[in-house]
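Have a look at the structure below, then the notes.
The values are calculated or read from the model by the stated rules, or taken from the named source; none is laboratory data. Bear in mind the structure is a predicted one, so any value in this text is a computation, not a measurement. Cβ placement follows ideal geometry from the backbone for every residue including glycine, while neighbour counts extend to all protein chains displayed. Remember, those area values only see protein heavy atoms, side chains included, never the ligands or the DNA or RNA. Shrake-Rupley method; radii C 1.70, N 1.55, O 1.52, S 1.80 Å.
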Amino acid sequence: MNKGLKCFVRPLIPIFLCFSAGILTAQKVVSSAGWTMLPLFISVILSLLSTLFISSKSKIFSLLIAFFLAGVLLNLKNPCPSPLAQFAEKREKALIAGTVLEPARIIKGVCKFQVKAHRLSCEDKIIPVNENLLVTIFNHGTCYLPGDKIRFPARLRPFKNFYNPGCYDYETAMKLKGLSCAASVSDGRCVMPAGPGHLPFPKGIIEKLQRPVRDFFKERLAPQDFALYRALILGERQGISRKLREPFNKTGLGHLLAVSGLHIGIVAWVSFFLFKWLSARSYYLLLRTNTQALAALLTCLPVTGYTALAGFQVSSQRAMIMVLTFLCSLILKREKDVWSTLALAGLVILSIDPQSIFSVSFQLSFSAVAGILWLAPPILNKLGSPDNKPHKNVFVNYLRVYFTGLIAVSIAASIFLLPVISYYFHQVSLVAVPANLTAIPILGLWIIPFGLLSVLALPFSLGLAGLFLDLGTAGLHLMTGIIRFWSGLPWSSIWVITPDLFEIIIFYVLIFSIFFFKRWKWARIGLLVTVILLITDIGYWSYRVCFNKELRVTFLDVGQANSALVEFPGGKKMLIDGGGVPMDNFNVGKLAVAPFLWHSKILHIDYIVLSHPNADHMNGLRFIARAFHPQEFWYNGDMARVASFRELISIIETKKIKKVIPADLTNGIKINGVRIDLLHPAPGTDSLSVYGKRRNLNNNSLVLKISFAGKSFLFPGDIEKQGERILISNAGASLKSDVLLSPHHGSRNSSTMRFLRMVKPEICVISSGEGNHFGFPHKQTLLRLKKTGSRIIRIDRKGAVQFRVEPGKFDLTTFRKEINRE
């Protein structure tokens, strides 16, 4: 080995790391390509040329610089104006003509699918476009198929995040999928078929492969079996409902529902050993060829074929590249250098698509392989390798090797992926190892092989294809039964807090230090430092969450809805409303409120408060009630005749959460020095008899006033003019508050001048969704607030807003910069 490369035994690994660092640098530091492209390109060329003239000791450093700059260069953004995005920002209505790119997904009557837009008509203008958009049809949607050409009127809108710390970056995720904007269609009957369309390469070829298989599966299988086999073989998850997905998530097997590294690895493993066994049957091949290399070469065909059948989706493409890279290492007799092979696979993937590094699927699959390569061998040694004491029976010995290896791989992947899974999914399965051990063999040796045999037999014999599919379905039933068993255990999974970057680094440094504890002296020092940092981090968050001395009130961004977290001194927590959407097709509690709580290291809410049983205040509380173990449920006593309210009450009763109604709050209460007063409604008030049938739920909202250290917050729910008159009559001067949550999201029918003069708020927080179809907040409300001299904070522009109160201190923090709009 060259003396200059002694510290770089595997140069591909530092090259891959530098290339990745360049991509990250371009994303975070360099805003756009501009004038920087040419100097970077010249620098890369000069760095590569310098390796021809400098000493061998310095060559590796020139290569590292070259690949770092190449990573920056590849990921530079050259902004290209998007006509669709421009119309979406204005939320324009337009007539769109395009081709359906994927089968439609229909959940609770709402239909979603991707469309390649070809033409946009708006205000007598016809604009040619070539962009992808996500179409949502809210009523009368049908099962559109890839290749269908359609025309439809829609309102365009941009993708928007919930701007709460810890929330999922929806905007970036949609950008990574190549989608420009969203399009909403109110009635599917307005969608007009326009004949067959043209699918871009290679989607047209893939659809010709997939459609007969999809039709065959649909005809032969029950709906649930069809949804699962369609996901496993065709890579289409449109039929996977939340209810069907939940047991897989709870057992740590959610990755089974997306064709990725596991599925393609199974196909490669089965194919490789089959081809190797067949090659070994031929004396000619044994004498003339390397049967291992031949088997690896032949395995490339089924791997590529399965990826194509599964739709060449991004996750399966990456998995295919990784598997093909490992197969090439077998062909070139470099199979022992697995780390370099993994680094080479990463380089190829990121060279094709630098943005892959930001996708969850790439991070999970790459981290899983790295964890298996690193941790599985020592775990296998601890378990006791079956090779050390082989059994006389070859079959028994094979089973021992297989299952011992599977246990080691499952444990290694579970440990190494723990912070990544916690960061993105907030849920950790406690039965992941036994669930993997019992489900994956059935999937790999039964379900997928028979499913693929069915596909291969389909062009030749329907009967034989049906037989293979029936055999595979039997395995599918067995696997889902096992998964339901493990997920049914009350302790099968737990919700966990979100680790920050510092904590993720601590975790991996801790594993690294333990791994090299006996080999390197500095690893022992590193272990000691890491443990001290870990204890410090735990102590800091424990004090901040459980022993805080200040009152913190956070108004969350939940779109066209309300939700606020109150953190009392001493650690008690209250959530006032949980957000929600009227059609109940999006779980705001799970996807907007809970991620903020987990990001704030909160796993328990003491009190949940429902101001009134309307969807935009109520629906998100169902998940909070299930996952955060509240002790009390405050509500006004109104009973709504909707399924979501019945579900919420069922959860409250099942978990034996104490119900608190206005009669229990007549004298107000104190929680660790914070005063909470109920100002409305009066105990025993029946909203229907007082307000009549129109808007009775809004006007009977719970109105709470929270006071601490000379500052007060008023939460009026959705009360309107009539409710405000009664509130003023009953509460009078008690309404005076420093911070007001604008009633009914800033509606013109609320926030009357008389009410605002009684409250006299210094700050008014308005929680309304940007571009909502109600037009909230109304201009009349904004004008009234300006007349009172109140400072207006709009959550749709500022994101979540947090107030911190303690004696002599009143601070305000927003989590999103102001958006300049007329």
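List of remarks:
- Within the range 315-325, tally of residues that are surrounded by fewer than 21 Cβ atoms within 10 Å (Cβ to Cβ) and either out of contact with any helix residue (DSSP H, G or I) (no Cβ under 7 Å at 6 or more places or on another chain) or within 13 Å of HIS263 (Cα to Cα) (or both): 1
- Taking the criterion of being surrounded by fewer than 24 Cβ atoms within 10 Å (Cβ to Cβ) and in contact with a Phe, Trp or Tyr (Cβ under 9 Å, 6 or more places away or on another chain), the residues of the range 704-725 that qualify are LYS705, SER707, PHE708, ALA709, GLY710, LYS711, LYS721, GLN722, ARG725.
- Pairs linking a residue in the range 693-713 that is of a type in the set (Val, Ile, Thr) to a residue that is at pLDDT 90 or above and not in a strand (DSSP E or B), with Cβ atoms under 7 Å and 6 or more positions apart or on different chains, are VAL703/PRO716; VAL703/GLY717; VAL703/ILE719; VAL703/LEU727.
- Search result, residues across the range 727-756 that are open to solvent by 10 Å² or more (accessible area, probe 1.4 Å) and touching a helix residue (DSSP H, G or I) at 6+ places or on another chain (Cβ under 7 Å): ILE728, LYS736, HIS744, ARG748, ASN749, THR752, MET753, ARG754
- Residue check, LEU510 out of contact with any His (no Cβ under 8 Å at 6 or more places or on another chain) and open to solvent by less than 60 Å² (accessible area, probe 1.4 Å): yes
- Residues located in the range 177-195, provided they are farther than 30 Å from SER359 by Cα, open to solvent by 20 Å² or more (accessible area, probe 1.4 Å) and either among the aliphatic types (A, V, I, L, M) or assigned to a strand (DSSP E or B) (or both): MET192, PRO193, ALA194, GLY195
- Verdict on ALA457 being within 30 Å of PRO377 (Cβ to Cβ) and small (Gly, Ala, Ser): no
- Tally of residues being assigned to a strand (DSSP E or B) and open to solvent by less than 30 Å² (accessible area, probe 1.4 Å) across the range 631-649: 2
- Residue in the range 367-387 that is under 23 Å from GLN27 (Cα atoms) and at pLDDT 90 or above present: yes
- Restricting LEU76, LEU69 to residues that are among the hydrophobic types (A, V, I, L, M, F, W, C) and at pLDDT below 90 narrows the list to LEU76.
- Members of the range 778-798 found to be out of contact with any Leu (no Cβ under 9 Å at 6 or more places or on another chain), in a loop (DSSP other than H, G, I, E, B) and open to solvent by less than 50 Å² (accessible area, probe 1.4 Å), listed by number: HIS778
- So LEU145, is it in contact with a strand residue (DSSP E or B) (Cβ under 7 Å, 6 or more places away or on another chain), modelled with pLDDT under 95, open to solvent by 40 Å² or more (accessible area, probe 1.4 Å) and among the hydrophobic types (A, V, I, L, M, F, W, C): yes
- Residues in the range 106-139 that are open to solvent by 70 Å² or more (accessible area, probe 1.4 Å) and either among the acidic types (Asp, Glu) or closer than 23 Å to ARG237 by Cβ (or both): ILE106, LYS108, LYS112, GLU123, ASP124.
- When residues in the range 198-227 are screened for being among the hydrophobic types (A, V, I, L, M, F, W, C), within 18 Å of LEU467 (Cα to Cα) and open to solvent by less than 40 Å² (accessible area, probe 1.4 Å), 5 of them pass.
- Residue in the range 489-500 that is open to solvent by 20 Å² or more (accessible area, probe 1.4 Å), part of a helix (DSSP H, G or I) and either farther than 20 Å from LYS218 by Cα or not small (Gly, Ala, Ser) (or both) present: no
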